[in-house]
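The block underneath contains the structure these notes are about, expressed in structure tokens.
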2 protein chains.
Amino acid sequence: MNIGEAAAASGLPAKTIRYYEEIGLIRPKRDGNGYRAFAEDDVHRLAFLNRSRGLGFSIEDCRALLGLYADDTRASEDVKRLAADHLTRIDARISELQALRATVAGLVDACAGDGRPDCPILEDLATGPLCAHQRPKPLA
Amino acid sequence: MNIGEAAAASGLPAKTIRYYEEIGLIRPKRDGNGYRAFAEDDVHRLAFLNRSRGLGFSIEDCRALLGLYADDTRASEDVKRLAADHLTRIDARISELQALRATVAGLVDACAGDGRPDCPILEDLATGPLCAHQRPKPLA
DNA sequence: ATGGAGGTTCCCGTAGCTGGAAGGTCAAGG
DNA sequence: CCTTGACCTTCCAGCTACGGGAACCTCCAT
């Protein structure tokens, strides 16, 4: 199976598959012509990666998850801890965004949004309180 | 005023200030020795940037906001639209994360988290449904 | 004179890919 | 047999918004 078929079967773009090989998440063999030859097991790992990335796990989390998956002497405790930590980070991020949302929504509500230049949003940005340098992470 | 004082006055790290100059958000003059010389207005713009970034606006949003701020013939409508779009993106992100959270929480709850290898989390990752390649953005 | 606390530029690294260039390979059609 | 087009390959650049650190310069106080 070459990369195009593996992409179709796993749901991942070919570019992503090459990247995953580069960082050592999969090790497909090669045909004589240099083409990658994906075995069923490779495709299975790719689908596993597609799903774990889809749940928001980081690449390093995924690496650990693949390791646990391959180890049949694993303790489910280890898997659960990894997922629970992930959940904690998601919750932290949601809280951060909700706080942001409240502030921005307040400003939007306060602005008339008409043709005149007076704007409480700009006034707040220009004169509001300075907090320590601490950014919300980018949205995308 | 040199960069250290400007940093203290605006709440931004010196590194960030240099970066903002590089991408054209500020244009401080230079002293004879090559040191940046920040005027009150520069510091004001920096504080403005600190606050707008703190509300999660992107750099390009901040550039636009600074432009609107400097233009006293602006319509508050334009400012409001920018902020409202930002709010929309925040809400979209929150929804995305809440959906993620629900799924991950379900898996965490289902896992015994003991010393045995059986784990519904791994089972789901290994055999769950494949969705189109569409990632949640990284958390950080 | 000297030491240290500032300042300067420049380049690399971050996460996780995506896009594109330059080129090799394969199967089908003329 | 040759060509066309769809594949495949590698490599390099770029994305966000900076932070770390090197190598070097400048100022001020002792």
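The values are calculated or read from the model by the stated rules, or taken from the named source; none is laboratory data. No experiment lies behind these values; they were computed from the predicted model shown. Cβ sites come from the backbone with ideal geometry, for glycine too, and all protein chains shown count toward neighbours. Side chains included, ligands, DNA and RNA excluded: accessible areas come from the protein's heavy atoms. Shrake-Rupley method; radii C 1.70, N 1.55, O 1.52, S 1.80 Å.
For this structure, a couple of remarks:
- Conditions (1) in a loop (DSSP other than H, G, I, E, B); (2) within 16 Å of DNA strand C (Cβ to nearest atom); number of the one not met by B:ALA8: (1)
- Every pair of residues 6+ apart whose Cβ atoms lie under 6 Å, when the first sits in the stretch B:1-26 and is within 11 Å of chain A (Cβ to nearest Cβ) and under 19 Å from A:ALA126 (Cβ atoms) while the second is more than 12 Å from DNA strand D (Cβ to nearest atom) and open to solvent by 60 Å² or more (accessible area, probe 1.4 Å): B:GLY11/A:LEU130
- Residue under evaluation A:ALA132, criteria (1) facing another protein chain (nearest Cβ under 7 Å); (2) touching a Lys or Arg at 6+ places or on another chain (Cβ under 9 Å); (3) modelled with pLDDT under 95, criterion not met: (2)
- Test: residue in the stretch A:97-111 that is surrounded by 15 or more Cβ atoms within 10 Å (Cβ to Cβ) and not in a helix (DSSP H, G or I): yes
- With respect to the conditions (1) open to solvent by 50 Å² or more (accessible area, probe 1.4 Å); (2) away from DNA strand C (no atom under 16 Å from the Cβ), B:ASP114 lacks only one, and its number is (1).
- Taking each residue of the stretch A:60-73 that is at the interface with chain B (Cβ under 7 Å from one of its Cβ atoms) and looking for partners that are of a type outside the set (Asp, Glu) with beta-carbon atoms closer than 6 Å, six or more apart or interchain, yields A:LEU65/A:SER52; A:LEU68/A:ARG74; A:LEU68/A:VAL79; A:TYR69/B:LEU122; A:ASP72/B:PRO117.
- Selection over the stretch A:11-29 of residues that are more than 22 Å from the chain's Cα centre (by Cα) and within 11 Å of DNA strand C (Cβ to nearest atom) gives a count of 0.
- Odd one out for A:ILE90, checked against (1) among the hydrophobic types (A, V, I, L, M, F, W, C); (2) open to solvent by less than 40 Å² (accessible area, probe 1.4 Å); (3) more than 27 Å from the chain's Cα centre (by Cα): (3)
- Counted residues, the stretch A:30-69 - those being within 12 Å of DNA strand C (Cβ to nearest atom), in a strand (DSSP E or B) and either among the basic types (Lys, Arg) or open to solvent by 30 Å² or more (accessible area, probe 1.4 Å) (or both): 1
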